[in-house]
């Protein structure tokens with residue numbers, strides 16, 4: 001019956017949600033603008049670099065000769081020829097590196113996840129893997145130089161390059177494999193133990209296959225990274241403008257080395273070789289990155 | 001900072017029996033099943049299969065191998081560097097001279113290399129740190145959910161571009177483009193030592209300034225990736241609590257995400273610094289060698305540790321001259337080792353990041 005005759009719009013309690021003050025709104029807007037700006041600023045160099053490489057290199061690689069011929073017998077100013085010798089070198093050095101580092105890397109990861117526990121050795125191994133991740137590629141190259149060339153007395157060769165790349169690839173393989181092994185559910189291991197299967201067989205037949213897609217993805221990404229490394233090839237292999245199939249002897253070209261060599265060549269031919277090699281290297285690395293994505297999509301364990 | 005929200009991984013220990021049994025306990029409402037099915041008659045000495053022993057040996061051996069490897073890197077570099085250091089005719093640490101062309105009269109000091117390396121790295125870090133922080137916040141807090149992953153992929157692409165390509169871009173494309181900026185800085189702020197007229201041709205852009213910017217681009221992805229990972233672990237309850245108190249988006253970030261992730265961000269930046277110190281090829285291609293010593297200007301040329309070694313590497317013939325460069329490499333190794341170790345120890349002190 002009784003109605004409040006005072007101000008009918010007055011609330012019984014102060015409102016829970018008050019409007020945000022102007023200064024807070026300005027700060028919020030400013031912060032939002034800044035973080036968007038930061039992202040856009042980072043995209044500029046990426047687009048710029050890729051555009052430069054595409055614009056300057058793309059016409060060169062359209063020529064079929066680029067993929068099938070070397071620069072053997074050509075003068076610095078003579079156009080023509082191709083990068084077959086360098087592509088071969090890059091792929092083979094990367095492959096040999098992978099063949100050595102994948103087993104080592106996976107075994108270290110298995111040790112860390114399945115055996116190491118919280119022992120002192122496991123802790124120092126983790127620490128050393130972290131340190132190895134941060135070792136500059138030039139230091140890795142110098143190390144192999146002292147071991148391979150100064151002490152063993154062997155010459156510069158593609159195999160020495162692969163050894164230096166191993167130092168850079170192993171920590172990446174360890175990290176990704178370790179992450180993958182950790183997320184394999186313990187129930188799978190327990191089920192296997194319950195059937196009386198020894199631990200090593202459980203790891204090989206149950207744990208690794210479950211984590212395989214992730215491990216392979218990591219290997220592909222690591223491979224893509226080491227193939228772009230220039231410092232080791234610069235220190236440990238001499239450049240050859242011709243094809244050399246021998247890993248253990250003689251100079252062998254690779255795409256980064258070809259770029260280092262051609263960057264001081266002021267002629268049109270030099271320009272084409274330089275940017276042609278750059279786009280070829282970027283393409284190869286992109287290919288391995290794509291391969292990694294495909295593997296992680298198709299080989300991923302079925303969750304249902 | 002003991003946070004109950006952050007789940008702890010169960011403690012792992014070596015043998016299956018120790019921890020698997022504990023981990024399985026919540027599921028097994030019946031009697032706990034012994035994890036090793038072979039009922040041992042002598043429980044004190046369980047039978048270990050040869051396969052197990054071999055496999056375990058291999059795995060442990062790999063672990064030992066990596067520890068030994070780092071030791072070997074340091075050891076070999078030291079052993080190679082010492083004879084040349086003994087032959088050095090100037091002070092290794094304080095001289096600015098670098099002349100190894102005559103193995104009979106080696107004169108090499110690292111002061112100039114150290115200064116250029118540090119200035120390039122610090123410049124790169126100063127540029128990259130705020131941008132990386134912005135990107136990490138953008139990807140974890142601001143970007144539309146569906147786009148966050150592709151955006152993160154774009155940033156990771158920066159890491160996929162080989163450093164030599166960045167170097168060529170820096171020298172042939174970015175350097176000349178930067179000329180108006182650097183000219184303006186020299187003209188107007190030239191009284192300040194950092195912006196003084198340098199010892200190389202400004203027009204070519206082969207300066208510390210260009211190198212610093214390119215290295216900044218190259219270390220962006222690592223700083224972003226590590227910071228992002230930490231920011232993502234901000235406890236949801238902290239964020240929701242801030243929202244419930246009426247915080248704006250920025251206030252949520254400032255009061256929850258940043259305090260939680262600060263140590264991780266600092267550690268990420270240290271990792272970036274480690275990368276910048278060791279960056280070789282991009283710097284080698286961009287920086288032109290100068291005849292006079294480094295004069296603290298961003299528009300000087302010069303060489304960093306890594307670029308000096310890389311430039312000279314194809315001509316390593318005499319072990320005495322090579323030893324001089326290996327000594328420089330050793331200093332670089334120690335530098336990056338220390339920086340990385342600090343970065344790791346910062347994170348190691350924060351259990352909530354695991």
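Please treat every number below as a calculation from the coordinates, not as lab data. From a predicted model like this one, the values you see are computed outputs, not experimental measurements. Positions of Cβ are backbone-derived with ideal geometry, glycine not excepted, and every protein chain shown enters the neighbour counts.
Here are some notes:
- Rg/Rh (Cα only; Kirkwood hydrodynamic radius) as it applies to the protein assembly as shown: 1.03
- Sorting A:23-29, B:112-118, B:276-282 by their mean Cβ neighbour count within 10 Å, with the most densely packed peptide first, gives B:276-282, B:112-118, A:23-29.
- For the stretch B:125-169: rounded, prolate or oblate by the Cα gyration tensor [a/c cutoff 1.5]: oblate
- Spin-label model, residue A:77 to residue A:287: label points 7 Å out along the Cα-to-beta-carbon direction sit 3.4 nm apart.
- Here the sum of -39500 (n - 2.57) over DSSP H runs of 4 or more residues, divided by the residues of the protein assembly as shown, equals -20500 deg cm²/dmol at 222 nm, to the nearest 500.
- Most mobile listed residue (B:310, B:72, B:290) in chain B, GNM with C-alpha springs under 10 Å: B:72
- Remark: B:169, B:98, A:36 ranked as A:36, B:98, B:169, counting other beta-carbon atoms within 10 Å and listing the fewest first.
- Choice from B:155, B:54, B:285 showing the highest fluctuation, given a GNM over chain B with Cα pairs closer than 10 Å: B:54
- Protection-proxy order for peptides B:264-275, A:97-108, each taking the mean of Cβ atoms within 10 Å per residue, highest first: B:264-275, A:97-108
- Three-way shape call for chain A based on the alpha-carbon gyration tensor, with the a/c threshold at 1.5: oblate
- Percent of Cα-Cα distances greater than 22 Å, calculated over the stretch B:192-296: 52 percent
- Cα shape, the stretch B:107-353, gyration tensor, a/c 1.5 rule: prolate
- Between residue B:107 and residue A:265, the simple label model (points 7 Å from Cα in the Cβ direction) yields a spacing of 3.7 nm.
- The angle between the Cα long axis of helix B:50-87 and the main principal axis of chain B comes to about 20°, on a 0 to 90 degree scale.
- The angle between the Cα long axis of helix B:258-278 and the main principal axis of chain B comes to about 50°, on a 0 to 90 degree scale.
- Between residue B:296 and residue B:93, the FRET efficiency from the beta-carbon distance, with R0 = 22 Å, is close to 0.75.
- Other protein chain Cβ atoms within 10 Å, averaged over every residue that makes up B:48-61: 5
- Sequence of A:39, A:288 once ranked by neighbouring C-beta atoms within 10 Å, starting from the fewest: A:288, A:39
- Across chain B, the mean sequence separation of Cα contacts (distance under 8 Å, 6 or more residues apart), normalised by length, yields a relative contact order of 23 percent.
- The peptide list A:132-140, A:181-189, put in order of mean Cβ contacts within 10 Å with the highest first, becomes A:132-140, A:181-189.
- Counting, for every residue in B:106-114, the Cβ atoms of other protein chains within 10 Å of its Cβ and taking the mean gives 0.
- Spatial separation of Cα centroids for the stretch B:87-162 and the stretch B:215-254, in angstrom: 25 Å
- Between 0 and 90 degrees, the angle of helix B:319-348 with respect to the longest Cα principal axis of chain B falls at about 40 degrees.
- Put in order of Cβ neighbour count within 10 Å, fewest first, the listed residues B:53, A:273, A:175 become B:53, A:175, A:273.
- Each part reduced to its alpha carbon centroid, the stretch B:329-352 and the stretch A:55-134 end up 26 Å apart.
- Counting Cβ atoms of other protein chains within 10 Å of each Cβ in B:272-280 and taking the mean gives 4.
- Contact order relative to length of the stretch B:37-161, as percent, for alpha carbon pairs under 8 angstrom and 6 or more apart: 11 percent
- Whole-number D in µm² s⁻¹ for the stretch B:283-354, Kirkwood Cα-pair radius fed into Stokes-Einstein, 25 °C, 0.890 mPa s: 166 µm²/s
- Taking label positions 7 Å along the Cα-Cβ direction at both residue B:47 and residue A:67, the computed distance is 5.9 nm, reported to one decimal.
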